[in-house]
1. Calculate the length of the line joining the C-alpha centroid of the range 204-222 to that of the range 263-285, in whole Å.
2. Volume per residue, Å³, of the convex hull around the alpha-carbon atoms of the range 198-293?
3. Between residue 58 and residue 119, what is the label-to-label distance in nm when each label sits 7 Å out along the Cα-to-Cβ direction?
4. Using only Cα atoms, tell me the angle between helix 6-33 and the longest principal axis of the chain; keep it within 0 to 90° and round to the nearest 10.
5. Rolling a 1.4 angstrom probe over the protein heavy atoms, how many square angstrom per residue are accessible across the chain?
6. From the phi angles alone, apply the Karplus equation (6.51, -1.76, 1.60; θ = phi - 60°) to the range 107-115 and give each ³J(HN,Hα) in whole Hz, x where the residue is Gly or Pro.
7. Need the list of aspartates and glutamates near residue 267 for cross-linking: C-alpha distance under 19 angstrom, and skip anything on the same chain fewer than eight residues off.
8. Report Rg (one decimal) and Dmax (nearest whole number) for the range 182-236, counting Cα atoms only, units Å.
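The values are calculated or read from the model by the stated rules, or taken from the named source; none is laboratory data. Here the structure is a predicted model, which is why all the values come from computation and not from measurement. In this analysis, Cβ positions are derived from the backbone assuming ideal geometry, glycine residues included, and neighbour counts consider all displayed protein chains. Please note that ligands, DNA and RNA were not included when accessible areas were found on the heavy atoms of the full protein model with its side chains. Shrake-Rupley method; radii C 1.70, N 1.55, O 1.52, S 1.80 Å.
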Amino acid sequence: MGRTGPVAAGESSGSVVRRILLGSQLRRLRDSRGITREAAGYSIRASESKISRMELGRVSFKARDVEDLLTLYGVTDDAERDALLGLAREANVAGWWHSYGDVLPGWFQTYIGLEGAASLIRVYEVQFVHGLLQTEAYAHAVVARGMGAAPAVEIDRRVALRLERQKALVSERAPHFHAVLDEAALRRPYGDREVMRGQLRHLIEMSEQPNITLQVMPFSFGGHAGEGGSFTMLRFPESDLSDIVYLEQLTSSLYLDKAEDVAQYEKAMTRLHEDSPGPEESRDLLRGLLQLI
């Protein structure tokens, strides 16, 4: 609880994954007993929608509720009960990002936890450079453009949050990060000439890190598999958790984990990887763009 540093950061990110894992296990137990969500909700003095949110991992867990549900589902083995109750305790650890609650939309908090717990992050970005690869100056220009007349202190807080997220890429348990950036994202100016030059130099430098693969989808290729817009795919070290597709919208977000949905995005991501120039050629494209600014 009061620890700081990479270990605590990892634990708090993992709490989101543990919440989802616990929810899925509770759903599996309920389905195996043929118990409805309504009946499960009644047993813990809650609604059917509360059970649905618990099973999706979207709310924290009270130990008493988990205990009562396990009893309802016929789980009497002490070892199994203790394991699931331990998962509930770990799932309630607050993440480091909660200190940014004043500027962080509630719908984005889950994503930050998942991002921090992922072992593989794959992204396609068309509007701007992905947040994990942004320089401070570029991030400031992006946030300022998006926030309009927001106070400077709020803009600075949002930029600080973005920079804090980036620490995961250089941590001991850094994920592999594979990004495909559309050339449009690199040509669209945010900030002045020096901001853009600094951003391109940063991308070249980051692309040489062993856990980062960066590709550029050039205009010259024409139409491609990313026609549906930007998306992110997250994979986790936990074998019980399926890949998740994250789609960000203006005021909310969408998470897809159904096998058929994930498969479609997997196909699109594979095509983007295959059709984009490789990492070295993409670095040459970045150097060429740098010469033009």
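1. Answer, in whole Å: 9.
2. It comes to 143 Å³ per residue, whole-number rounded.
3. With each label placed 7 Å out from Cα toward Cβ, I get 2.8 nm.
4. Rounded to the nearest ten degrees, it is 50.
5. Result: 50 Å² of accessible area for each residue.
6. Per residue, the Karplus-derived 3J(HN,Hα) values read 5, 8, 5, 4, 4, 4, x, 5, 4 Hz.
7. 125, 182, 227, 243, 257, 275
8. 13.4, 38
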